[in-house]
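Step one of this worksheet: look at the structure below.
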Amino acid sequence: MKSFREPGLTRASGFADQGTEEDADPLCRTLLHRHLAAAMETWRLLQRNGVDEYSELTLNFFYETPEEEKALALLTHLKAETDYELDIACKGFLRKRWRVSGTTPASSLTLNLLNDWVRHMVLAGARFGCGFLGWSAGLP
């Protein structure tokens, strides 16, 4: 059973080079706190439905930006640092929005690992000028 810290799922450098929460601008810190609060509530819900640290889950995630270059830069980073399935798409005609989305491999998860992952994903998006829209969990 894999955990979200094992090589191949997310390489250590992918978690290390995003900067820290303290380095982030106030808007990013607010977004991060909202996502961490949502992660805690989602984890509680998952536990009430039988998920524990031995359950394998996939995480689906979504980013958005109005600039193609920023979406491509984030996509390139995620491809280099993770083994996630990734996709990029353009939505809209007059007001284009670029969406980067993906799915992690199935792995076991704890609340601490989930919080680390959420922190990494929010800060990675901010680093490349993409807003982290959120994530969902699924059983493989």
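Odds and ends about this structure:
- A residue that is among the aromatic types (Phe, Trp, Tyr) and loosely packed, with under 15 Cβ neighbours inside 10 Å cannot be found anywhere in region 62-81.
- Residue in region 1-50 that is modelled with the highest pLDDT, counting only those that are β-branched (Val, Ile, Thr) and farther than 20 Å from residue 77 by Cα: 42
- Meets criteria (farther than 30 Å from residue 26 by Cβ and free of Cβ contacts under 8 Å to residues at least 24 places away in the same chain) for residue 52: yes
- Out of 102, 125, sole residue that is more than 19 Å from residue 47 (Cβ to Cβ) and not in a helix (DSSP H, G or I): 102
- Residues satisfying the stated conditions in region 111-126, i.e. surrounded by 14 or more Cβ atoms within 10 Å (Cβ to Cβ) and over 13 Å from the mean Cα position of the chain (by Cα): 111
- Residue list for region 74-93, restricted to those being at positive phi and of a type in the set (Asp, Glu): none
- The set of residues in region 53-80 being among the acidic types (Asp, Glu) and at pLDDT below 95 consists of 53, 56.
- Top-ranked residue in region 46-61 [being within 19 Å of the chain's Cα centre (by Cα) and over 10 Å from residue 107 (Cα atoms); ranked as surrounded by the fewest Cβ atoms within 10 Å (Cβ to Cβ)]: 60
The values are calculated or read from the model by the stated rules, or taken from the named source; none is laboratory data. All values derive from a computational prediction rather than experimental measurement. Glycine gets a Cβ as well: all are built from the backbone with ideal geometry, and neighbour counts include every protein chain shown.
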